[in-house]
Amino acid sequence: MESKEKIIFTRPESLTDRITHYCPGCTHGVIHRLVAEALDNLGVREKALGVAPVGCSVLAYNYFNCDFLEAPHGRAPALATGFKRLRPDMIVFTYQGDGDLASIGMSEIIHSANRGEKFTTIFVNNAVYGMTGGQMAPTTLEGQITTTCPQGRNVAQTGQPIRMVELLAALVTPAYLERVAVHTPQHIIKAKRAIQKAFKYQMEARCFTLIEVLSTCPTNWGKTPEEAINWLEDDLIPYYPLGCKKDPESLERDDGAV
Amino acid sequence: MAKILMKGNEAIAEAAIKAGATNYFCYPITPQNEVAEYMSKRMPEIDGVFLQGESELAVANMLFGASSTGKRVFTTSSSPGISLMQEAISYMAGAQLPVVIVNIMRGGPGLGGILPAQSDYFQATKGGGHGDYRVLVLAPSTIQEAVDLMMLSFHLADKYRNPVMMIGDGMIGQMMESVEIPEKYTEPELPPKTWAATGARGRDPIIIKSLYLDPNLLEDNCSILEEKYDRMKKEEVRFELYKIAPKNKLLIIAYGTMARICQTAIDELEKEGISAGLFRPISLFPFPEDAIYKEVTKKNISDVLVIEMSTAQMCEDVERAAVGKKPITFFGRTGGIVPSPEEVMEQARKLTDKRKPKPGKKKA
Ligand SMILES: Cc1ncc(C[n+]2csc(CCOP(=O)(O)OP(=O)(O)O)c2C)c(N)n1
Ligand code: SF4
């Protein structure tokens with residue numbers, strides 16, 4: 001008798017079958033999957049090159065089933081630039097945290113975006129330094145408690161949290177910049193669409209592409225996975241509005257933000 | 001190819017192209033800007049890659065990415081810029097990536113000046129960045145040698161999968177001399193670059209990294225590197241001797257253009273009846289320590305004179321090589337001031353005078 005069961009959910013070919021080291025409730029794993037699904041859907045796994053950051057996702061190369069470089073802290077966009085300039089036929093992406101990209105690697109990301117480098121950056125913003133144990137990041141919210149701002153972030157001394165996609169959108173060079181989140185199934189679907197669009201633009205050699213993904217860090221937020229999802233929704237999203245901030249298709253930005 | 005008159009920086013650039021390095025990343029800094037200017041003209045002609053990065057920090061990391069493709073890549077800079085590149089150099093050494101870096105040295109520390117110096121010897125030969133690694137360091141003394149060593153650097157970088165640094169004082173970059181650059185660099189065959197990231201088509205993914213969280217695996221990687229450095233010490237020691245003779249009492253040791261000035265001094269000293277020879281290290285890592293020991297311990301040698309455009313940096317390696325067998329005197333100038341042949345001769349005269357028996361005094 002023929003089985004009626006059909007497999008409708010499998011591991012993307014672009015992911016290995018290793019178990020990740022991410023904490024329970026961490027959304028790094030979801031983001032990995034979305035990137036892998038995009039590579040699968042576009043059929044580019046065999047010509048993809050990822051660049052891992054220094055941060056919790058430093059071992060991303062163990063989970064993606066494609067060639068990978070491991071960059072110094074913050075320098076992934078420089079590595080991606082060097083690689084892609086020599087191999088414009090390959091699909092190159094960096095995967096970076098907010099300490100990596102918005103603090104130590106600020107110069108590299110801005111200049112890569114400004115040169116219009118044809119690679120894709122997956123920017124994982126969890127408002128904290130995860131790997132080193134929960135220190136303040138440039139994206140930490142005002143009043144948010146971390147191990148290096150135990151009284152809560154004092155913006156009079158440390159400045160306001162940096163909105164990266166808005167900052168990059170201010171550059172004149174065309175780019176595709178969108179902020180997404182992965183805390184609900186609906187948001188995950190939108191995030192996947194944005195990531196895939198970024199890779200598509202890269203394949204067409206159109207522009208620099210960066211997707212900022214709001215991500216959870218229950219461990220360093222001192223929250224349960226469920227509380228973390230609520231905090232992302234109630235606190236992070238109001239400060240980091242979701243949506244497309246720049247798109248070569250519509251030079252008019254849809255939310256008016258700069 | 002016939003000899004042509006060329007500025008050092010431009011000759012270095014053309015030599016790299018002839019060695020197949022048509023991928024160049026840079027950030028402006030005096031006194032090596034002519035390389036970038038030359039490359040920015042030449043790369044579009046031959047479909048190469050020229051990119052001026054936002055900083056030397058970024059440039060060195062661009063080299064990391066570029067070298068991962070398996071193609072030949074290089075950069076040129078000067079002292080403060082090389083300091084900024086140390087992070088990526090350490091990572092590239094750890095990840096075993098071949099890359100060529102040229103340092104046309106200027107005086108430091110700090111912003112220092114823009115005149116010639118040899119004060120980055122420690123930085124080049126003793127690591128520079130963090131971790132247990134070495135870069136292979138070559139030091140030309142003429143423009144022709146800069147051309148030859150530049151091409152060799154790419155071969156050695158590939159042979160050892162390790163960063164190679166060519167260091168020259170500012171004069172090497174700025175001087176004009178007649179040079180011969182071959183149409184194509186001929187070199188011994190190298191194994192295919194199966195380590196390069198070219199896309200995981202029909203093979204497992206290639207990961208280029210320097211991270212090993214397991215201490216045993218990190219030690220394994222360090223051991224692989226150490227074996228390479230040991231092999232370099234056996235196979236890549238390079239040096240040149242000038243007027244080495246049994247009648248010499250004095251051995252002068254100098255590298256780069258400083259060695260040429262010492263040659264002039266030696267020729268002049270000869271006319272005064274002072275016979276001295278020159279030992280010129282060409283590879284600074286590996287340092288020619290056995291050969292220096294051999295020359296220093298020769299019976300006829302009573303003094304060793306080390307001359308540098310720095311405050312006795314290479315001199316420490318000479319002392320290490322000579323293991324106290326003969327007295328070593330150091331003379332150097334800093335700040336971009338180049339010791340003149342007369343200054344070198346003065347040092348030599350002092351040493352030979354010291355050894356002359358004093359008139360009227362009988363030996364006990
Ligand atoms: C030059 C350098 N400075 C500091 C560190 C230590 N370090 C490792 S990860 C990290 C921060 C990572 O935070 P983030 O980028 O936000 O990523 P997350 O861990 O949150 O995913 C730091 C500071 C380092 N590895 N290298
Ligand atoms: S520390 Fe935070 S970012 Fe890192 S794995 Fe754990 S939850 Fe994820």
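The values are calculated or read from the model by the stated rules, or taken from the named source; none is laboratory data. Please read these numbers as outputs of a predicted model, since none were measured by experiment. Every residue, glycine among them, receives a Cβ derived from its backbone with ideal geometry; neighbour counts consider all protein chains shown. Protein only, heavy atoms only, side chains kept; ligands, DNA and RNA dropped before computing areas. Shrake-Rupley method; radii C 1.70, N 1.55, O 1.52, S 1.80 Å.
Would you check if B:Thr311 is open to solvent by 80 Å² or more (accessible area, probe 1.4 Å), touching a residue at least 24 places away in the same chain (Cβ under 8 Å) and either not small (Gly, Ala, Ser) or not assigned by TED's automatic domain parsing to the domain that holds B:Met166 (or both)?
yes
Within the stretch A:40-57, track down each residue that is within 11 Å of chain B (Cβ to nearest Cβ) and either of a type in the set (Phe, Trp, Tyr) or open to solvent by less than 10 Å² (accessible area, probe 1.4 Å) (or both).
Correct list: A:Val44, A:Ala48, A:Leu49, A:Gly50, A:Val51, A:Ala52.
Restricting the search to the stretch B:149-184, which residues are open to solvent by 20 Å² or more (accessible area, probe 1.4 Å), over 18 Å from B:Gly127 (Cα atoms) and over 13 Å from the mean Cα position of the chain (by Cα)?
B:Asp158, B:Lys159, B:Met171, B:Gln174, B:Met175, B:Met176, B:Glu177, B:Ser178, B:Glu180, B:Pro182, B:Glu183, B:Lys184
Check A:Gly25, A:Gly55 and return the single one that is within 17 Å of B:Glu87 (Cβ to Cβ) and either touching a Lys or Arg at 6+ places or on another chain (Cβ under 7 Å) or not hydroxyl-bearing (Ser, Thr, Tyr) (or both).
A:Gly55
Checking A:Gly159 against (1) under 19 Å from A:Pro238 (Cβ atoms); (2) crowded, with 20+ Cβ neighbours inside 10 Å, only one condition comes out false. Which one?
(2)
Applying the selection to the stretch B:8-59, what residues are aromatic (Phe, Trp, Tyr) and within 14 Å of another protein chain (Cβ to nearest Cβ)?
B:Tyr24, B:Phe25, B:Tyr27, B:Phe50 - these are the residues of the stretch B:8-59 that are aromatic (Phe, Trp, Tyr) and within 14 Å of another protein chain (Cβ to nearest Cβ).
Please verify whether the stretch B:69-81 includes one or more residues that are open to solvent by 20 Å² or more (accessible area, probe 1.4 Å), farther than 14 Å from A:Arg75 by Cβ and in a loop (DSSP other than H, G, I, E, B).
yes
Pull out all pairs, ordered by first then second residue, where Cβ-Cβ is under 9 Å, the residues are six or more apart or on different chains, the first lies in the stretch B:77-100 and is at positive phi, and the second is buried (at least 24 other Cβ atoms within 10 Å of the Cβ).
Partner pairs satisfying both residue conditions: B:Gln96/B:Ile208.
For residues in the stretch B:53-68 being open to solvent by 10 Å² or more (accessible area, probe 1.4 Å) and not in a helix (DSSP H, G or I), which is farthest from B:Glu226 (Cα to Cα)?
B:Glu54
What number of residues in the stretch A:1-32 are within 16 Å of ligand 1 (Cβ to nearest atom) and either within 14 Å of chain B (Cβ to nearest Cβ) or buried (at least 16 other Cβ atoms within 10 Å of the Cβ) (or both)?
Residues flagged as within 16 Å of ligand 1 (Cβ to nearest atom) and either within 14 Å of chain B (Cβ to nearest Cβ) or buried (at least 16 other Cβ atoms within 10 Å of the Cβ) (or both) within the stretch A:1-32 amount to 12.
With within 16 Å of ligand 1 (Cβ to nearest atom) and more than 19 Å from the chain's Cα centre (by Cα) as the only criterion, which of A:Thr132, A:Thr147 stands out?
A:Thr147
On the basis of being open to solvent by 90 Å² or more (accessible area, probe 1.4 Å) and either in contact with an Asp or Glu (Cβ under 7 Å, 6 or more places away or on another chain) or part of a helix (DSSP H, G or I) (or both), does B:Lys326 make the cut?
no
Quick check on the stretch A:47-62. Is at least one of its residues assigned to a helix (DSSP H, G or I) and more than 16 Å from ligand 2 (Cβ to nearest atom)?
Yes.
Across the stretch A:81-109, what is the total count of residues that are within 16 Å of ligand 1 (Cβ to nearest atom) and within 7 Å of chain B (Cβ to nearest Cβ)?
Number satisfying all stated conditions: 2.
Looking only at the stretch B:197-243, which residues are within 9 Å of chain A (Cβ to nearest Cβ) and either among the basic types (Lys, Arg) or in contact (Cβ under 8 Å) with a residue 60 or more places away in the chain (or both)?
If the condition is that a residue be within 9 Å of chain A (Cβ to nearest Cβ) and either among the basic types (Lys, Arg) or in contact (Cβ under 8 Å) with a residue 60 or more places away in the chain (or both), then B:Ala197, B:Thr198, B:Arg201, B:Ile208, B:Lys209, B:Ser210 are the ones that fit.
Which one of these does B:Ala146 not meet: (1) surrounded by 22 or more Cβ atoms within 10 Å (Cβ to Cβ); (2) of a type outside the set (Val, Ile, Thr); (3) part of a loop (DSSP other than H, G, I, E, B); (4) modelled with pLDDT of 95 or more?
(3)
Just the residues that are assigned to a helix (DSSP H, G or I), in contact with a Phe, Trp or Tyr (Cβ under 9 Å, 6 or more places away or on another chain) and away from ligand 2 (no atom under 16 Å from the Cβ), please, taken from the stretch A:94-114.
Result: A:Ile109, A:Ser112, A:Ala113, A:Asn114.
Among (1) under 30 Å from B:Phe25 (Cα atoms); (2) surrounded by fewer than 24 Cβ atoms within 10 Å (Cβ to Cβ), there is one condition A:Glu117 misses while meeting the rest; what is its number?
Evaluating A:Glu117 over (1) under 30 Å from B:Phe25 (Cα atoms); (2) surrounded by fewer than 24 Cβ atoms within 10 Å (Cβ to Cβ) leaves (2) as the failure.
Sort through B:Ile172, B:Ile104 and tell me the only one that's outside any strand (DSSP E or B) and either in contact with a Gly (Cβ under 9 Å, 6 or more places away or on another chain) or free of Cβ contacts under 8 Å to residues at least 12 places away in the same chain (or both).
B:Ile172
Of all residues in the stretch A:63-77, how many are open to solvent by 10 Å² or more (accessible area, probe 1.4 Å), more than 22 Å from B:Leu57 (Cα to Cα) and either within 16 Å of ligand 2 (Cβ to nearest atom) or assigned to a strand (DSSP E or B) (or both)?
Residues that pass the stated criteria total 1.
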